[in-house]
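The values are calculated or read from the model by the stated rules, or taken from the named source; none is laboratory data. Computed from a predicted structure; not experimentally measured. Every residue, glycine as well, gets a Cβ built from its backbone with ideal geometry; the counts of neighbours run over all protein chains shown. Ligands, DNA and RNA are excluded from the accessible area calculation, which covers all protein heavy atoms including side chains. Shrake-Rupley method; radii C 1.70, N 1.55, O 1.52, S 1.80 Å.
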Amino acid sequence: MRYYPLYADLSRKRCLVVGAGEVGRRKIGTLAACGASEVLVLETRAPDADLLDTLALPSVIFEQRSFKDSDLDGRFLVIASTSNEELNWRISRACEERGILCNIVDQPEKCSFIVPALFTQGDLTVAISTGGGSPALARKIRKELGEFLGSEYGAVLVLMSRLRPMVLELGLGSPRNAAIFRGLVDSGLLDALERKDQAMASDLLAGHIPGELHARIPEILDGLC
């Protein structure tokens, strides 16, 4: 099985998590952090202290009860993390019938999507998938990425996010815009941000961005060096 990689926009989307053990808690937190408008959590056991912290997230709704098929109404994405095989299959089949994205934790044969190992650095997200073949290897690769990709990668992404609308407002056209951003990525900007060298970063920006934006370089670099 080769999976189609996809980053989903969860804003204005309603999600469901069935089962709120240790793994379920992580899924709840990730869905909420990614902007889901609602995360309904179903768990038959009373929440412990760790779960209560997760349930305090603004978009999370907790109900201590069993799953029923009507819980799928209006859901964009469903994650089940239960030890009940019959229930997992029931949720999987019901989601398939309704065309709802469904993940049954650690059981790819029941899933319409699998969750990759994620490395995040600010707004930078790198997803690692082994097609469900070896989550342990995916975690190892994620750890190695963390050792390679320092905080400067998150910083340069913040810089680019600030700079991009400024450049686009100049109306220079796609080829010129692409050349500016490629030049910056291939410059020593990452090294400058890693070393917190504001003078070097300023010089590199001045050498690559249009003159009309030079006065805004302090704004672009604010808090990054």
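In the range 173-187, the qualifying residues are those that are surrounded by 15 or more Cβ atoms within 10 Å (Cβ to Cβ) and not aromatic (Phe, Trp, Tyr), and the one that is nearest to Val156 (Cα to Cα) is Leu184.
So which of Arg195, Arg182, Arg176, Arg216 ends up being farther than 30 Å from Glu96 by Cα, touching a residue at least 12 places away in the same chain (Cβ under 8 Å) and basic (Lys, Arg)?
Arg216
Here is the figure for the range 1-47: residues that are surrounded by 12 or more Cβ atoms within 10 Å (Cβ to Cβ), of a type in the set (Asp, Glu) and more than 22 Å from Ile91 (Cβ to Cβ) total 0. Just one of the listed residues (Glu63, Glu96) is exposed (fewer than 15 other Cβ atoms within 10 Å of the Cβ), under 27 Å from Gly133 (Cβ atoms), in contact with a strand residue (DSSP E or B) (Cβ under 8 Å, 6 or more places away or on another chain) and not aromatic (Phe, Trp, Tyr), namely Glu96.
For the range 156-172, filtering for residues that are in a helix (DSSP H, G or I), open to solvent by 60 Å² or more (accessible area, probe 1.4 Å) and either of a type in the set (A, V, I, L, M) or over 26 Å from Thr120 (Cβ atoms) (or both) leaves 2. Within the range 141-155, restricting attention to residues that are in contact (Cβ under 8 Å) with a residue 12 or more places away in the chain, assigned to a helix (DSSP H, G or I) and not small (Gly, Ala, Ser), which residue is least open to solvent (accessible area, probe 1.4 Å)? Here the answer is Glu152. Scanning the range 188-215 for residues that are under 17 Å from Leu157 (Cα atoms) and part of a helix (DSSP H, G or I) yields Leu189, Leu190, Asp191, Ala192, Leu193, Glu194, Gln198, Ala201, Ser202, Leu204, Leu205, His208.
Any residue in the range 196-218 that is within 22 Å of Thr125 (Cα to Cα) and either in contact with a Gly (Cβ under 8 Å, 6 or more places away or on another chain) or modelled with pLDDT of 95 or more (or both)? No, there is no match, as no residue in the range 196-218 is within 22 Å of Thr125 (Cα to Cα) and either in contact with a Gly (Cβ under 8 Å, 6 or more places away or on another chain) or modelled with pLDDT of 95 or more (or both). Highlighted here are the strands (runs of 3 or more DSSP E) found entirely within the range 1-108 that include at least 3 residues which are in contact (Cβ under 8 Å) with a residue 40 or more places away in the chain: 14-18, 77-80.
For the range 122-140, a residue qualifies if it is crowded, with 17+ Cβ neighbours inside 10 Å and part of a helix (DSSP H, G or I), and the qualifying residues are Pro135, Ala138.
Could we say that Phe119 is at pLDDT below 90 and either in a helix (DSSP H, G or I) or under 30 Å from Asn88 (Cβ atoms) (or both) here? It is true that Phe119 is at pLDDT below 90 and either in a helix (DSSP H, G or I) or under 30 Å from Asn88 (Cβ atoms) (or both).
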